[in-house]
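K.L.:
Have a look at the structure that comes next, please.
The values are calculated or read from the model by the stated rules, or taken from the named source; none is laboratory data. Predicted model, so just to flag it, every value in this text is computed and none were measured. For neighbour counting, all protein chains shown are included, and Cβ atoms are generated from backbone atoms with ideal geometry for every residue, glycine included.
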Amino acid sequence: MKRIKLKPSMIIAVVFIVSLLGVMGQAQAGSLVLTLHQNSLTAVPDAAGSWIYSGGRVYITATGPGISAIAYIADYAVTRRVITGGTDNQNTGMFTMTIFLMNEHPPQNCTLQGSCDFSTGNFIGSVSAASSEISSFKGATFSGNEGSSGSSGTLTITY
């Protein structure tokens, strides 16, 4: 048997993919904590309210005996929608995030939908769609905070 030496970033990517593929089993609950680094933020007001678009990179951190590594594993895009006379009273909005995993064309992806709180920046909801390779994540819940432009936030997916 041939042994292959993997870099720490490759090990992290494998752990993430194994988690996404549901190898751990549907009956076993778990969570996946990711770091979001926002690279862009644009607000586009219109007659009905405002669209807020943002995007950036997704990282995973792994630690263990003698290892601590961070790997860039995906990109993400977010849309938020505020409706004047509808969601503005609670300072909240509709929230959609799509995560695009690296190294496939088109990329494997999952879409998260829910609500966001503009006072805190927090968001909650569930995974509404996922490509075939990671379809076991459909229905999982999520929570997090994107952070501000140029800073980091977190996304926790509980399955």
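K.L.:
Of the residues Thr154, Thr98, Thr61, which single one is modelled with pLDDT of 95 or more, exposed (fewer than 15 other Cβ atoms within 10 Å of the Cβ) and within 14 Å of Leu34 (Cβ to Cβ)?
P.N.:
On inspection, the qualifying residue turns out to be Thr154.
K.L.:
So which strands (runs of 3 or more DSSP E) stay within region 82-159 end to end and still have 1 or more residues that are polar (S, T, N, Q) and either without any contact (Cβ under 8 Å) to a residue 60 or more places away in the chain or closer than 22 Å to Pro45 by Cβ (or both)?
P.N.:
Passing ranges, in order: 92-101, 109-117, 122-130, 141-145.
K.L.:
Can you tell me which of (1) at pLDDT below 95; (2) under 21 Å from Ser31 (Cβ atoms) is the one Asn89 doesn't meet?
P.N.:
For Asn89, the failing item is (2).
K.L.:
Of all residues in region 113-128, count the ones that are out of contact with any Phe, Trp or Tyr (no Cβ under 9 Å at 6 or more places or on another chain) and at pLDDT 95 or above.
P.N.:
2
K.L.:
Another question about this same structure. Evaluate region 18-30: report whether one residue or more is in a strand (DSSP E or B) and either over 17 Å from Asn145 (Cβ atoms) or modelled with pLDDT under 95 (or both).
P.N.:
For region 18-30, residues in a strand (DSSP E or B) and either over 17 Å from Asn145 (Cβ atoms) or modelled with pLDDT under 95 (or both): absent.
K.L.:
Out of curiosity, is Ala71 surrounded by 15 or more Cβ atoms within 10 Å (Cβ to Cβ) and touching a residue at least 60 places away in the same chain (Cβ under 8 Å)?
P.N.:
yes
K.L.:
(1) in contact with a Phe, Trp or Tyr (Cβ under 7 Å, 6 or more places away or on another chain); (2) within 23 Å of Tyr159 (Cβ to Cβ): which one isn't true of Val33, the others all being true?
P.N.:
Result: Val33 fails condition (1) only.
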